[in-house]
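What follows is calculated from the coordinates using simple rules that are stated; it is not laboratory data. Since the model is a prediction, treat every value here as computed from it, not as a measurement. Here the Cβ positions follow ideal geometry from the backbone for every residue, glycine too, while neighbour counts run over all protein chains shown.
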Ligand SMILES: *Cc1c(COP(=O)(O)O)cnc(C)c1O
């Protein structure tokens, strides 16, 4: 195992630290998916996590690791999605002030959701760059600590705790399939799993268009991507030209990275609702999509990370309607 400033012991410590905040999410065995993919399938249901995604694991580990001085000043981040919700939730649980920077075009319901978790919404900027500039300005003015969504050892260690839970219960797991965007999730899981058993294969799954980590690994350097709308909206975005941790970790430890199409993501969301009565967002369903379409090489016991459930219900209903009418014809 190369040295990444991060060890299995950090991940165990993170798991201990975040116990008061997180839920040990259930693992569901899926005979239906297993039959299609030719492997025993275990679904780790982070859609059932507090704030409906695994992001709370990293956020909790990071915020609980801050010094007293940092805690008393507060934290700031930029995210209208699961990371913003997780930081807001954990901060309010710990009595830490949190500011979440959101672009001017973020829908009002998302702004209210962040505020509902007790954070201050800083609504500013026509685009990502402008929002980031304002966030940096406010961070400096108020002496806040910036909480990165993925490229931070404490965040990576927090996300890796999910693998500890699954492997303690199911030590026979030989393959892990996980969604892949910035690589905090896949990186933490790969570090944990391969430290415990180097023979475990870890497969990262991204959306077809603008898959920054997938393309960067192939290019051997960080590449910028243009964002195309996707059902897996939580996977959009770059990995940062000054990426310090996740690119090297994912490049070294992921055995395979694969892509799935929008139709395959929709099919996987429908499968999760119809077969397992689970509400799963697009990003959370990409691992299941890879499985149902046999996109990678699976062993005999495959853990699939179902990373989140923040999906607009009207959108999910549309997907279901299309899926069910397709079955009839
Ligand atoms: C953030 C997120 C991911 C991707 O995690 P990274 O650490 O950025 O790779 C996957 N699924 C969901 C639901 C997310 O919110």
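In this rough spin-label picture, where each label sits 7 Å from Cα along the Cβ direction, the residue 274-residue 13 distance is 4.8 nm. Only Cα pairs under 8 Å and 6+ residues apart enter the sum, and on that basis the relative contact order of segment 216-260 stands at 37 percent.
At an R0 of 25 angstrom, the distance between the Cβ atoms of residue 127 and residue 221 translates into a FRET efficiency of 0.55. Across segment 136-202, the mean sequence separation of Cα contacts (distance under 8 Å, 6 or more residues apart), normalised by length, yields a relative contact order of 35 percent. For the chain, what is the calculated [θ] at 222 nm in deg cm²/dmol (nearest 500), taking -39500 (n - 2.57) for each run of four or more DSSP H residues and dividing by its residue count? So the calculated ellipticity at 222 nm is -15000 deg cm²/dmol. Translational diffusion coefficient of the chain (Stokes-Einstein, Kirkwood radius from Cα pairs, 20 °C, 1.002 mPa s): 109 µm²/s.
Distance from the Cα centroid of segment 281-326 to that of segment 156-223 is 17 Å (rounded to whole angstrom).
Using every Cα-Cα pair within segment 21-167, state what percent have a distance larger than 19 Å. Of the Cα pairs, 55 percent sit more than 19 Å apart.
Only bridges whose two residues both fall in the chain count here: according to DSSP, what percent of them are antiparallel, nearest 5? Antiparallel: roughly 10 percent of the beta bridges in the chain. In this simple spin-label model, placing a label point 7 Å from the Cα along the Cα-to-Cβ direction at both residue 67 and residue 142 gives a separation of 2.0 nm. I need the shape label for segment 94-144. Rule: rounded when a/c is under 1.5, else prolate if a/b > b/c, else oblate, with a, b, c from the alpha carbon gyration tensor. Oblate is the answer for segment 94-144, as a/c is 1.5 or above yet b/c matches or exceeds a/b. Distance between the C-alpha centers of segment 242-278 and segment 125-140? Whole Å please. Value for the Cα centre distance between the two parts: 29 Å. If the chain linking residue 172 and residue 5 were pulled fully straight, counting 0.36 nm for each residue of separation and taking away their Cα-Cα distance, it would gain 57.3 nm. How tilted is helix 262-276 with respect to the longest principal axis of the chain? Cα atoms for both, answer in degrees (0 to 90, nearest 10). That works out to roughly 80 degrees.
FRET efficiency for the pair residue 209 and residue 317, taken as 1/(1 + (r/R0)^6) with r the Cβ-Cβ distance and R0 = 22 Å, rounds to 0.35. Here the convex hull built on the C-alpha positions of segment 138-250 has a volume of 128 cubic angstrom per residue. FRET efficiency for the residue 242 to residue 327 pair, using the beta carbon distance and R₀ = 51 Å, is estimated at 0.60.
Relative to the longest principal axis of the Cα atoms of the chain, helix 313-328 runs at roughly 10 degrees. Under the criterion of Cα pairs below 8 Å and six or more residues apart, the relative contact order for the chain equals 21 percent.
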